[in-house]
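The values are calculated or read from the model by the stated rules, or taken from the named source; none is laboratory data. What you are looking at is a predicted structure, and each value in this text was computed from that prediction instead of being measured. Cβ placement follows ideal geometry from the backbone for every residue including glycine, while neighbour counts extend to all protein chains displayed.
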Amino acid sequence: MAHRLLVNVIFTGASVFGRAFTEAYKQAAKASAAGAAAGGPAKATSQGGISTEEALKILNLEKNEITMNKIDEKYNYLFNVNSKDQGNSFYLQSKIYYAMDTLKKEIEYLEKLKNSKENGGGTASS
């Protein structure tokens, strides 16, 4: 009797999991197709999961002063100041690194977006 109950629970669980997995796959495929249809460059994200606003706060930058040189300058200073050699934390260095990574990817994304608009606008007016 216990065998049947156990087997029944396993099959029911597998069935529910299978349907949920199938539905999640369909939604992911639909979202992926919608993103590809939208065109334009895809926005890259940092592996650290830091938002642009948080990255600006970490590196003590304003939106209007974001340049690669400024990001590198702030990153190098903060990374060295928070080094483990000076008794500071690897966690802070990680946050600083991911902040720099996020802002650099944001700049690259904005440049690609600008270039795609310029190229798209240039062919439409010709």
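Tabulated results
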quantity: Residue among 13, 35, 18, 48 that is modelled with pLDDT under 90, surrounded by 10 or more Cβ atoms within 10 Å (Cβ to Cβ), under 19 Å from residue 109 (Cβ atoms) and not assigned by TED's automatic domain parsing to the domain that holds residue 109; calculated: 35
quantity: Lone unmet requirement of (1) at pLDDT 90 or above; (2) assigned to a loop (DSSP other than H, G, I, E, B) for residue 104; calculated: (2)
quantity: Extreme residue, surrounded by the fewest Cβ atoms within 10 Å (Cβ to Cβ), among residues of the stretch 63-82 that are in contact with a helix residue (DSSP H, G or I) (Cβ under 7 Å, 6 or more places away or on another chain) and modelled with pLDDT under 90; calculated: 63
quantity: Condition met for residue 92 (touching a residue at least 24 places away in the same chain (Cβ under 8 Å) and of a type outside the set (Gly, Ala, Ser)); calculated: no
